[in-house]
Amino acid sequence: MKKWWKEAVVYQIYTKSFYDSNGDGIGDLRGIVQKLDYIQKLGATVIWLNPIYQSPDVDNGYDISDYQSIDPRYGTLDDFKELLEKAHARGIRLIMDMVLNHTSDEHKWFQESKKSKGNPYRDYYIWRPAKNGKEPNNWGNYFYEGRGSAWEFDETTQEYYLHNYSKKMPDLNWGNPNMKEDMCRMMRWWLDLGVDGFRMDAVNRLVKPKGLPDSPNPPTPPVGIYGYVVDRTMCANCPGIHELLHELNQEVFQKYDMMVVGETGNVDTAIAIDYVKEEREEINMVFHFEIAKNPVLKTVVEIKEIERRWNHVVMEQNGWITQYLSNHDTPRQVSFFGNDKEYRYESATMLGLLMHTHPGTVYIYQGEEIGMTNVDFPSIEYYNEKYTVGKYETMVESGVDPETALNSLKHTSRDNDRTPMQWDDSDNGGFTTGTPWMHSNPNYVDINVVREEEREHSVLRFYRTLTSLRKEHPVMVYGDYHQMLEDDEDLIVYLRQYEKETWLVICNFYGNERSMPQKVQEILDQEHGTLLLGNYDDVTNETAEQIRPYEARIYQLS
Ligand code: GLC
Ligand code: CA
């Protein structure tokens, strides 16, 4: 069935690093308002804002202390309303990040909860007494914070509370009906204000395993030296999660014309289907991490297998999926999968073309459209985010040499994606007139929006072409998907077909040259393939036979 959110091109904005309108070094809502023309010209139809709620900011806003107010760093509720109105006036919808797994420890619910065992808010969180004088179980927190446990002892009531992330982010207890009701009311409040949907943070972790058993996976040295186990599967997809999401759907989502995309680590397609199958009435689509956030670089043969599997969710299971390269938790894919030096333009555009021509809703992470790269910070002091710093400290403390520890984290650090947006070649890439909250990537001198507008080979203009094609060619959204040459170790080749239109897409995923496979050439000859778009501009009859480094082409077949 056709839906606006299937056709959408979502632009993800990490507000803090996007554009600073008042010189305090922090990106803000008025900064986004000033860049709406840019976003519109890019062809985005939806904006997803990372959390902008009131927050002590230990995890860049994912630690919320008040869900119904805007953090003063980012602006006011009036600024938000203005942004929403001006986006809507341009035909751009806006979705919020909805963090329901935990709050900040400074949220008033938690402040109450810790006062006494009898407090009406006590049960909004997960409290347990000590077990044999120690933590209630062996779980480690995902940020490797402190000595590693996911439990923090609280003096006042002499019990531990659960925090899968930072100890400043206590996990909520979704078994509590009052908390559930408060959350539903809060979500409806945002929707009544006019927002168009939610990106639901860690949504498959809301329900915890019954009895909170120990993780059976032994800790891996050196980061497991304290005996706590960082096992992200323990709270993922537990019994009861589908009932809860269906309930949220009935109480909230279903009452609005909105989209819901869930962040779901630790899902494969077999699990994902149950979240997104339309008739189950839970959520619309999920972000999986089989490609984007995997410390082990996948080969092209593996990537093709992953895409085939996810395509079944759409074609055979009546669900929907997402296509994204990066987000605020991943490295920049032009640096990870591509070549951000010699072939920055070619590999960034090849990856962009792949994403836009695969089935699913497209998500562009800010800066990706100008080919921003990973950052090469010289020492740990430059890093900001909890996971990188926590893991680094734990490794060093357990005897790993600091340089080795840093190098092991560099390429995957979440800070790679969080450096300020690069607008021009002035100080700090024109992001702020003040001192930016985190270091800019020094390559802003060469990689920035203004330069991309001027360049002959421009990632930005290529992305604009891709988004405008999406509006004219429903085959990109609704076409079925058939891969060819599944075992080819360089090329990704597939057909998309919808009503009268058929496309053949061919991408060289690597920096080596390849000749056109005979099978593909035969189809192009028989079906009179004409080149619709490519990232090399001299495709003639002769050159067409060679597929150059990171070359990507779309052919229309007749
Ligand atoms: C999600 C967010 C991440 C955050 C975590 C805790 O994974 O994307 O940035 O640290 O949840 O809220
Ligand atoms: Ca600011």
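The values are calculated or read from the model by the stated rules, or taken from the named source; none is laboratory data. These numbers were taken from a predicted model, which means no experiment stands behind them. Cβ placement follows ideal geometry from the backbone for every residue including glycine, while neighbour counts extend to all protein chains displayed. Areas reflect the complete protein model, heavy atoms only, side chains present, ligands, DNA and RNA absent. Shrake-Rupley method; radii C 1.70, N 1.55, O 1.52, S 1.80 Å.
Would you pick out the residues in segment 429-448 that are under 20 Å from residue 378 (Cα atoms), free of Cβ contacts under 8 Å to residues at least 60 places away in the same chain and either surrounded by 21 or more Cβ atoms within 10 Å (Cβ to Cβ) or among the small types (Gly, Ala, Ser) (or both)?
429, 440, 444
Give, as residue ranges, the strands (runs of 3 or more DSSP E) completely inside segment 145-243 that count at least 2 residues that are in contact with a helix residue (DSSP H, G or I) (Cβ under 9 Å, 6 or more places away or on another chain) and under 24 Å from residue 70 (Cα atoms).
Here the list reads 197-201.
Check whether at least one residue in segment 27-45 is surrounded by 19 or more Cβ atoms within 10 Å (Cβ to Cβ), more than 15 Å from ligand 1 (Cβ to nearest atom) and among the polar types (S, T, N, Q), and report yes or no.
yes
Do you know which residues across segment 397-427 are without any contact (Cβ under 8 Å) to a residue 40 or more places away in the chain and among the hydrophobic types (A, V, I, L, M, F, W, C)?
The answer is 405, 406, 409.
Only one residue in 394, 349 is among the hydroxyl-bearing types (Ser, Thr, Tyr), modelled with pLDDT under 95 and away from ligand 1 (no atom under 16 Å from the Cβ). Which one?
One residue alone meets the criteria, 394.
What residue, of 115, 134, is in contact (Cβ under 8 Å) with a residue 24 or more places away in the chain and either within 16 Å of ligand 2 (Cβ to nearest atom) or open to solvent by 60 Å² or more (accessible area, probe 1.4 Å) (or both)?
115
So which residues in segment 276-320 are closer than 17 Å to residue 355 by Cβ and part of a loop (DSSP other than H, G, I, E, B)?
Residues satisfying the conditions are 288, 289, 290, 291, 292, 293, 294, 298, 320.
Considering segment 458-494 alone, what residues qualify as being in contact with a helix residue (DSSP H, G or I) (Cβ under 7 Å, 6 or more places away or on another chain) and of a type in the set (S, T, N, Q)?
Within segment 458-494, 458, 467, 483 qualify.
Suppose we filter 436, 378, 420, 359 for residues that are within 26 Å of residue 146 (Cα to Cα) and either in a strand (DSSP E or B) or more than 16 Å from ligand 1 (Cβ to nearest atom) (or both); which single one remains?
Matching residue, one of 436, 378, 420, 359: 378.
On the basis of being away from ligand 2 (no atom under 14 Å from the Cβ), open to solvent by less than 10 Å² (accessible area, probe 1.4 Å), of a type in the set (Asp, Glu) and within 19 Å of the chain's Cα centre (by Cα), does residue 63 make the cut? Steps first, answer last, please.
Numbers: away from ligand 2 (no atom under 14 Å from the Cβ): yes; open to solvent by less than 10 Å² (accessible area, probe 1.4 Å): yes; of a type in the set (Asp, Glu): yes; within 19 Å of the chain's Cα centre (by Cα): yes.
Spelling it out, residue 63 is indeed away from ligand 2 (no atom under 14 Å from the Cβ), open to solvent by less than 10 Å² (accessible area, probe 1.4 Å), of a type in the set (Asp, Glu) and within 19 Å of the chain's Cα centre (by Cα).
For segment 291-328: of the residues being of a type in the set (Asp, Glu) and at pLDDT 95 or above, which is surrounded by the fewest Cβ atoms within 10 Å (Cβ to Cβ)?
My answer is 302.
Could you count how many residues in segment 505-535 are in contact (Cβ under 8 Å) with a residue 40 or more places away in the chain, buried (at least 20 other Cβ atoms within 10 Å of the Cβ) and more than 20 Å from residue 486 (Cβ to Cβ)?
Within segment 505-535, residues that are in contact (Cβ under 8 Å) with a residue 40 or more places away in the chain, buried (at least 20 other Cβ atoms within 10 Å of the Cβ) and more than 20 Å from residue 486 (Cβ to Cβ) number 1.
Please enumerate the residues belonging to segment 388-412 that are open to solvent by less than 60 Å² (accessible area, probe 1.4 Å) and farther than 16 Å from residue 292 by Cα.
388, 389, 390, 391, 392, 394, 395, 396, 398, 400, 405, 406
List every residue pair whose Cβ atoms lie under 9 Å apart, where the two residues are 6 or more positions apart in sequence or sit on different chains, the first residue falls within segment 40-60 and is aromatic (Phe, Trp, Tyr), and the second residue, located anywhere, is within 12 Å of ligand 1 (Cβ to nearest atom) and assigned to a loop (DSSP other than H, G, I, E, B).
53/61; 53/64
What do you reckon, is residue 123 out of contact with any strand residue (DSSP E or B) (no Cβ under 6 Å at 6 or more places or on another chain), more than 28 Å from residue 395 (Cβ to Cβ) and either polar (S, T, N, Q) or not in a loop (DSSP other than H, G, I, E, B) (or both)?
Values: out of contact with any strand residue (DSSP E or B) (no Cβ under 6 Å at 6 or more places or on another chain): yes; more than 28 Å from residue 395 (Cβ to Cβ): yes; either polar (S, T, N, Q) or not in a loop (DSSP other than H, G, I, E, B) (or both): yes.
Criteria met by residue 123.
Residue by residue through segment 7-26, note down the ones that are open to solvent by 10 Å² or more (accessible area, probe 1.4 Å) and away from ligand 2 (no atom under 16 Å from the Cβ).
7, the sole residue that qualifies.
For segment 381-396, give me each residue that is more than 27 Å from residue 12 (Cα to Cα) and in contact (Cβ under 8 Å) with a residue 24 or more places away in the chain.
393, 394, 395
Could you list, in sequence order, the residues of segment 1-39 that are within 14 Å of residue 449 (Cβ to Cβ) and either in contact with a Ser or Thr (Cβ under 6 Å, 6 or more places away or on another chain) or free of Cβ contacts under 8 Å to residues at least 24 places away in the same chain (or both)?
Within segment 1-39, 31, 34, 35, 37 meet the criteria.
Among the residues of segment 148-180, which ones are open to solvent by 10 Å² or more (accessible area, probe 1.4 Å), among the small types (Gly, Ala, Ser) and under 24 Å from residue 244 (Cα atoms)?
175 - this is the single residue of segment 148-180 that is open to solvent by 10 Å² or more (accessible area, probe 1.4 Å), among the small types (Gly, Ala, Ser) and under 24 Å from residue 244 (Cα atoms).
Give the residues of segment 228-283 that are charged (D, E, K, R), buried (at least 18 other Cβ atoms within 10 Å of the Cβ) and within 22 Å of residue 48 (Cα to Cα), sorted by residue number.
263, 282
Does segment 66-85 hold any residues that are within 16 Å of ligand 2 (Cβ to nearest atom), more than 18 Å from residue 169 (Cα to Cα) and among the acidic types (Asp, Glu), and which are they?
78, 79, 82
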